[in-house]
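Let me begin by presenting the structure, written as structure tokens, before commenting on it.
The values are calculated or read from the model by the stated rules, or taken from the named source; none is laboratory data. Please read all numbers here as calculations on a predicted model, not as lab measurements. Reconstructed Cβ throughout: ideal geometry from the backbone, glycine too, with neighbour counts over all protein chains shown. Remember, those area values only see protein heavy atoms, side chains included, never the ligands or the DNA or RNA. Shrake-Rupley method; radii C 1.70, N 1.55, O 1.52, S 1.80 Å.
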Amino acid sequence: MNTTKPEAPMLETRDLSRAFGHGDHMVRAVDRVSFSMQTGEIVAVVGESGSGKSTLARLLLRLLDPTGGQILLHGQDVTTLHHRGELKTYWQKVQGAFQDSFAAFNQFYTVRRSLEKALNVLDVSLSKSDRTQRIETSLREVGLDPADILDKWPHQLSGGQLQRVMIARALVVGPELLIADEPTSMLDASLRVTVLNLLLDLRKSHNMSILFITHDLGQANYLSDRILVMYRGELVEQGPVEQVLADPQHEYTQRLLADVPRLRGKSGVPA
Ligand SMILES: Nc1ncnc2c1ncn2[C@@H]1O[C@H](COP(=O)(O)OP(=O)(O)O)[C@@H](O)[C@H]1O
Ligand SMILES: [Mg+2]
């Protein structure tokens with residue numbers, strides 16, 4: 001995990017696969033997916049429900065073991081990391097945010113406690129004041145007032161606040177890559193745009209890479225540089241966002257686009 005090959009992509013998968021079940025009941029949730037992304041890139045993964053997007057996210061976060069293929073971070077194979085210590089080093093660099101923020105938090109932890117727990121993946125033991133400072137900084141970065149929020153419980157927060165706290169919880173360790181699995185799909189339209197703009201700000205301020213998972217081509221268009229299209233576990237198309245949306249090659253992408261009434265330009269706001 002220590003040697004960085006400068007020429008290697010930040011993240012790369014090679015034939016990454018995950019099957020569930022056996023024989024006639026086997027589901028190839030992620031099937032030989034190969035892609036790479038660079039530092040500072042925002043890549044959207046789009047696909048209908050059940051296409052394998054969340055399984056891909058869980059594989060990349062090393063929360064789930066692949067049944068085939070490889071994951072490389074800066075050219076280093078991280079597929080076989082299993083020891084808690086090795087995984088912690090990985091989680092310093094790769095963090096996740098999920099669709100259901102209420103489920104993602106321990107209901108018996110205040111915001112302060114949840115973010116302190118998140119800091120446990122760091123090797124260094126920080127002093128109490130350093131911890132507090134990091135936590136407060138990351139809350140401010142997502143537009144929350146620490147004084148107002150630190151001692152609240154998850155049920156005391158709105159969906160939008162909780163979604164921001166989840167992003168702050170990822171940020172607090174200073175990751176290079178954020179894997180955001182449908183982080184806006186439980187929010188109403190106005191909050192959705194706020195969270196998308198927050199992700200754009202984070203890329204700008206930290207040069208953070210974001211893998212943004214969505215079933216919504218409008219949001220993919222608004223946010224991302226490149227799009228990966230998944231269909232039944234396979235990566236069926238990938239390319240720069242303008243190219244894929246203007247001239248979709250795969251039949252599934254064409255259908256997906258036809259379902260979107262109108263896509264506004266980059267400057268527009270996703271419906
Ligand atoms: N733990 C699991 N056990 C069995 N099947 C699963 C499991 N997780 C996901 N699947 C199956 O894998 C496929 C892809 O699911 P998922 O990755 O959640 O898709 P998406 O996020 O695109 O909706 C689905 O058919 C789903 O039922
Ligand atoms: Mg999903």
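With an a/c value of 1.5 or above and a/b not larger than b/c for the gyration tensor axes a ≥ b ≥ c computed over the alpha-carbon atoms, the chain is described as oblate. Within the range 188-220, what residues put their amide N at less than 15 Å from the label point 7 Å along the Cα-to-Cβ vector of S158? The answer is 188-196, whose backbone nitrogens lie closer than 15 Å to the label point. Karplus-based coupling profile of the range 21-26, in residue order and whole Hz: x, 9, x, 5, 9, 6, with θ = phi - 60° in 6.51 cos²θ - 1.76 cosθ + 1.60 and x standing for Gly or Pro. By the combined test of axial Cα extent (at least 24 Å) and Kyte-Doolittle hydropathy (mean at least -1.0), the qualifying DSSP H helices of the chain come to 189-206. For F20, the accessible area of its heavy atoms, probed at 1.4 Å with every protein chain present, is near 70 square angstrom.
Spin-label model, H215 to S34: label points 7 Å out along the Cα-to-beta-carbon direction sit 3.0 nm apart. In the chain, the DSSP-assigned H stretches of four residues or longer account for a calculated mean residue ellipticity at 222 nm of -10500 deg cm²/dmol, using -39500 (n - 2.57) per stretch and the full residue count as denominator. Of K117, K53, K93, K204, the residue with the largest accessible area leads and the full order is K204, K117, K93, K53 (1.4 Å probe).
For E234, the residues 5 or more places off, or on other chains, whose built amide H falls under 5 Å of its own are D31. Once the 1.4 Å probe is applied to the protein heavy atoms, the chain comes out at 47 Å² accessible per residue.
For the chain, the antiparallel share of DSSP beta bridges with both residues in that region comes to about 55%.
Couplings 3J(HN,Hα) for the range 9-20, derived from phi with the Karplus relation 6.51 cos²θ - 1.76 cosθ + 1.60 (θ = phi - 60°), are x, 4, 10, 9, 10, 10, 6, 5, 9, 8, 10, 10 Hz, where x marks Gly and Pro.
Database remark: amide H of V78 closer than 5 angstrom to the amide H of I71, L72, L73 (H placed geometrically; neighbours at sequence offset of 5 or more, or on other chains; Pro and chain starts carry no H). Over 24 Å apart at the Cα level, from the set K53/K93; K117/K204; K93/K152, are K117/K204; K93/K152. Could you tell me whether the range 125-271 comes out rounded, prolate or oblate from its Cα gyration tensor? Rule is a ≥ b ≥ c as square roots of the eigenvalues, rounded for a/c under 1.5, then prolate if a/b exceeds b/c, otherwise oblate. Verdict is prolate for the range 125-271. Which percent of the accessible heavy-atom area of the chain goes to carbon and sulfur, probe 1.4 angstrom? Of all accessible area on the chain, carbon and sulfur atoms account for 48 percent. Taking R113, R131 and ordering them by how much accessible surface each has at a 1.4 Å probe, largest first, produces R113, R131. Once the Cα-Cα distance is subtracted from the 0.36 nm per residue extended length, the H82 to N197 segment shows a gain of 37.9 nm. Annotation: L257 carries an accessible surface of approximately 30 Å², with a 1.4 Å probe and no ligand, DNA or RNA atoms counted.
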